[in-house]
1. Pick from Thr93, Thr116, Thr77: which is most flexible by mean-square fluctuation in a GNM of the chain where alpha carbon atoms under 10 Å apart are linked?
2. Hey, in the GNM for the chain with a 10 angstrom Cα cutoff, which one of Ile41, Ile188, Ile149 fluctuates hardest?
3. Be a star and scan the range 42-65 for residues whose amide nitrogen sits under 13 Å from the point 7 Å along the Cα-to-Cβ vector of Ile193.
4. Could you list the residues of the range 21-36 with an amide nitrogen less than 19 Å from a label point located 7 Å from the Cα of Ile177 in the Cα-to-C-beta direction?
5. Can you give the accessible area per residue of the range 40-193, in Å², using a 1.4 Å probe?
6. Name the most mobile residue of Leu196, Leu72, Leu80, meaning the one with the largest mean-square fluctuation, in a Gaussian network model of the chain with Cα contacts below 10 Å.
7. Quick one: compute the contact order of the chain, relative version, from alpha carbon pairs under 8 angstrom and 6+ residues apart, as a percent.
8. Counting only residues 5 or more places away or on other chains, whose amide H sits under 5 Å from the amide H of Leu132 once H atoms are built in the peptide plane?
Amino acid sequence: MRHSRSPVPLLLTLAGLTVTFAIGSAVILIWPRALLAGIVIACCGFVLSVVAVLRLTGRRWAPWLVGPAVALAGTGTIMLAEDIALSQVGDVTEAVVVDHEVEQKVVHNSRSRNRTVHTHTYSLEGTDGRPLEQPMVYRGEGGYDDIDIGDDITVLVDPQGRAETELADNVDIGTDIAILVVGSVATIGAFGILVLVVGLNGRLHRHRRRIGVTA
């Protein structure tokens, strides 16, 4: 593929990236339990944008300029969508941890390597002694370091089961917005630099062609 001498494809790439992130956020907002689907959609947008930037500019440093900024913007987008969805459907509930189970599952990836996945399930009950139907789940090796059986915690619980139970302290929309704003500004700046580079190279190429013709 020839390298683009017009900034238009780069601008279209940025627009497509924005649409992809918007779709991923919408999926999470409408179906809070579809967090993984939203993350996959955002990751696809990230990968496609990085590949497009490399092919359109032909510069190996271009993905290193765009990649971190896009990753930060995507992280902020997904975190904000998740927290907004949970804050809309979740009820603030005082609960007590009554059980903590850890499941270890070996997963085979495409490279034929085994990876152990840890899932921590915290069973909860309300302060009145009634069990909460939705447990709190942590996917990762360590679990919540500062939470143990018998601890009193504040969680967001969706009575309809549309979203997973989450620690109330983990929902911080202000921080999500800050991450999204910083990532968005960095992404626009990175694409702006590439548009400038491509535009200047296009003018230089046209100037060289005119010199060649008149010579």
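1. The residue with the greatest mean-square fluctuation here is Thr116.
2. Ile149
3. Backbone N within reach: 60-65.
4. The answer is 22, 25-26, 29, whose backbone nitrogens lie closer than 19 Å to the label point.
5. 58 Å²
6. For the chain, modelled as a Gaussian network with Cα springs under 10 Å, the answer is Leu196.
7. With pairs under 8 Å counted, the relative contact order is 25 percent.
8. Leu124, Glu125, Gly126
The values are calculated or read from the model by the stated rules, or taken from the named source; none is laboratory data. Quick caveat, the model's predicted, so the values are computed rather than measured. No Cβ is skipped: glycine too gets one built from the backbone with ideal geometry, and neighbour counts run over all protein chains shown. Protein only, heavy atoms only, side chains kept; ligands, DNA and RNA dropped before computing areas. Shrake-Rupley method; radii C 1.70, N 1.55, O 1.52, S 1.80 Å.
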